[in-house]
Each structure stands twice: as structure tokens, then as C-alpha cells.
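Below is one structure, written out as C-alpha cells, with a few remarks after it.
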Amino acid sequence: MNIHEYQAKALLRSYGAPVSDGRVVLKAEDAKTAAGELDGPLWVVKAQIHAGGRGKGKFKEPEAGEKGGVRLAKSVEEAETLAKQMLGRTLVTHQTGPVGKQVNRIYIEAGSDIARELYLALLVDRQSSRISFVASTEGGMDIEEVAASTPEKIISFSVDPASGLSDFHGRRVAFSLGLEGNQVKQCVALVKTLYKAFVEKDMEMLEINPLIVTPEGQLKVLDAKVSFDGNAIYRHADIAALRDETEEDPKELAASKFDLNYIALDGEIGCMVNGAGLAMATMDIIKLYGAEPANFLDVGGGATKEKVTEAFKIITSDPNVKGILVNIFGGIMRCDVIAEGVLAAVKEVGLQVPLVVRLEGTNVELGKEIIRNSGLNVIAGDNLSDAAQKIVKAVKG
């Protein structure tokens, strides 16, 4: 689960991290008042979307101006004008894709003088199953280019959970960032703060880009991006309350309410499969035969008729879907349950595109019989290769 920058900063501030004062704005008419509550003479007006690259992003609407989603204002009146330009507009960044995301919230923050821009992040290293720190002296908007062209400028190390975090880890970060004197002490304290927040709130990633050094030699968190382990949200009612459902794909949101693993893609063939590995194999074979999958959808090993029905409704709600492939291996899941679910969904939402069903495993003959006797125009697949070829042929004509 992701949260907005202003929410991440509020959370880090509650742990004692050095964060600038700011105000969130939902209505343009509130921007002037919000800016007036902050010390000038410089204000930063930031679009709040769940995507990186806002500074280099561009708005689709010409009314928003040519600048990106992070702009500077030299007066409260200018801050209000910038907020009006951005609110309700669609911001496109390298992470949003060409569709972009609508800006529904603006964060106005007190400006900061910058002597140096650094990069610091914590994330879960899946290879070592430990929390890792990633740091670089090359913070700012071009960190992806730094990682690609000069990876030696990025250092990373993990923390052994048996011994835990120590001052040594903070000093290692400080020295890798070229910090000196009192800045080293500040860095040690900041590292402890971030690690504590990361562990206590079950974060998956905490990225500070940039972490700045002010002309006075003070460290400050200038931007923050935080995501949480979705499997642990039940332990954190305060974090769950921060969820902004308008930032999520409506189909993925609907799937999550039925415990379906769904990810929207850009293809034309909708997939409903049980098991993540089989789902990926199904997507691969669709590509092999010349088409593109419209989604990843794992209904799980213990899906009910109701879950299958909802999964089918989610797939058919995608206007890009020109055909559907149901590929079920009945182990824990019974093929007759899948067949009943598919037929119930077809009867409820209708069938406007070709549908190929491949069943194998527990109660497979019963499942096939249910489909044969349904009277519906459903194409049977003998095996995965046969099913994939049939749906691609049906879609491609």
C-alpha cells in the first residue's frame, strides 16, 4: 500500500525526523490560506500522486502550464495560482505511463535552501530477507540515471536482525554520503529514526530523495516516498486510514475486496487462472502465440463460486479485453466450481467477447460437462497450448 508524500512526512515527523512544515490542499481556494500559515519567502507547491518523477512530469492540459508537478512560488498569491493550475489536471510522469494520474491534492511546503542533495532509502532485500540501506551522494531527480550509468556511486548494506541496528550503521551511511562533523551525529540519529519507523509500521520501502544538507549544515528530509506491506496492514489501523483509493486502479481495488490477486495490463486477452505460477505461464504462452495479456489474475487455490463470478466481472469491465482465457488446474480448486462460477458470471454480465475455457484436474469431467450443457458459446481447450491458440485466433480473426 502506498501513501502520499505529505502523509509520509507527517508519519516521519511523528518519529522525530527533520521535515519542513507544510499544508495539504484539496480545494484551490484554500491554497492562499495554507501558504499564509507557512514562513516565506519561498513556497514549494507539489502535486500529490502515487508516482515518482513529478518534477520532470508534464500535465496533459495546457491550462496547467509547461512546468512539472513540483513548482516554486515567491508569494502566497503565486502559490494559490499554481495550486489552481494543477488541481484536477492530469500529470504524466515516467512512472504513470501515458495515461497519467489526476491531481486531487496539493502539498504546499515551506521552501528550503539547499547546499547538497543526497539519496537515502530503506527497503526489504528479498535475497537476504533483511532490511537494507541504500545511499548515494547523487540525490535528486536523476537518481535512476545514476543507478544505470554510475552504479558505483550507490552503496548498500543490510542489517542483521540478530544484532539489530547500531550507531555503526548510521556512521557508515554518513561517511558514504561525505558528511562531516555534527552532520555525522545527525545522520546516526536519522538512521535510527527511519529504521524504527520502518520496522514498527511494517514498511516495504522508505525513500528519501532528496535528503538535503542546508547551508547551515543541517540534514532535512525534503521528499519522502513510503509503501507498506499489504499483508500487515491489519495491524495498523492508522496506516489503513491513509489509503487513497482514488489513486488505485478501480479493477485492482475491486479485486482486493474479494481477495483476488489482480494486476491490470495493456493487452487484449483477459486471463483467469488459479495459481501465480500458472498465471504467469498463461500470460507467457499468450505472448508466444502473438497476443498480449490484459491482466494477471490469480483466483487462488480455494476460490468459491462467488469469487470466480467477481473475477469474471472484473475482467469483462476492462474495455480493452477482446477475448477471455480461463485456465484452471484443479488441485485444491475443483473444476466444477470454476465451471459454475464462470457460467453464473456469463449469465449475470453477458458475454460479448470470445471465451475459451481449459480445465484439468479434480472433477474435470464434471466441469466440462457443466460447460457443454450450458448452451452458451464457450470454446473448450484441450490443453494450455490449444487453449491459447484458440483464444488468440478468436481475437485476431
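The values are calculated or read from the model by the stated rules, or taken from the named source; none is laboratory data. Being a predicted model, the structure only gives us computed values, none of them experimental. With ideal geometry, Cβ positions are generated from the backbone for all residues, glycine too; neighbour counts draw on all protein chains shown.
For region 208-221, what are the residues that are under 20 Å from His50 (Cα atoms) and either at pLDDT 95 or above or surrounded by fewer than 15 Cβ atoms within 10 Å (Cβ to Cβ) (or both)? Residues satisfying the conditions are Ile208, Leu211, Val221. Of the residues screened, Asn327 is not one that is farther than 20 Å from Gln389 by Cβ, buried (at least 22 other Cβ atoms within 10 Å of the Cβ) and among the polar types (S, T, N, Q).
Considering every residue within region 41-61, establish whether at least one is closer than 23 Å to Ala8 by Cα, in a loop (DSSP other than H, G, I, E, B), over 21 Å from the mean Cα position of the chain (by Cα) and not assigned by TED's automatic domain parsing to the domain that holds Ser166. Taking every residue of region 41-61 in turn, at least one turns out to be closer than 23 Å to Ala8 by Cα, in a loop (DSSP other than H, G, I, E, B), over 21 Å from the mean Cα position of the chain (by Cα) and not assigned by TED's automatic domain parsing to the domain that holds Ser166.
Against the conditions (1) in contact (Cβ under 8 Å) with a residue 60 or more places away in the chain; (2) over 30 Å from Phe175 (Cβ atoms); (3) charged (D, E, K, R); (4) touching a strand residue (DSSP E or B) at 6+ places or on another chain (Cβ under 8 Å), Glu109 satisfies every one except (2).
Go through region 282-397 and tell me which strands (runs of 3 or more DSSP E), entirely inside it, have 2 or more residues that are under 26 Å from Ser256 (Cα atoms) and of a type in the set (Gly, Ala, Ser). Talk me through it step by step, then tell me what you get.
Numbers: elements: 295-298, 323-330, 355-361.
Answer list for region 282-397: 323-330.
Of the listed requirements (1) farther than 30 Å from Ala232 by Cα; (2) in a strand (DSSP E or B); (3) hydrophobic (A, V, I, L, M, F, W, C), Val24 misses just one: (1). Out of Asp336, Asp284, one residue alone is of a type in the set (Asp, Glu), over 20 Å from Gly397 (Cα atoms) and surrounded by fewer than 17 Cβ atoms within 10 Å (Cβ to Cβ). It is Asp284. Look at region 171-195: where a residue is surrounded by fewer than 18 Cβ atoms within 10 Å (Cβ to Cβ) and a partner is hydroxyl-bearing (Ser, Thr, Tyr) and outside any helix (DSSP H, G or I), sitting 6+ places away or on another chain with Cβ atoms under 6 Å, you get Gly178/Thr137; Thr193/Tyr15.
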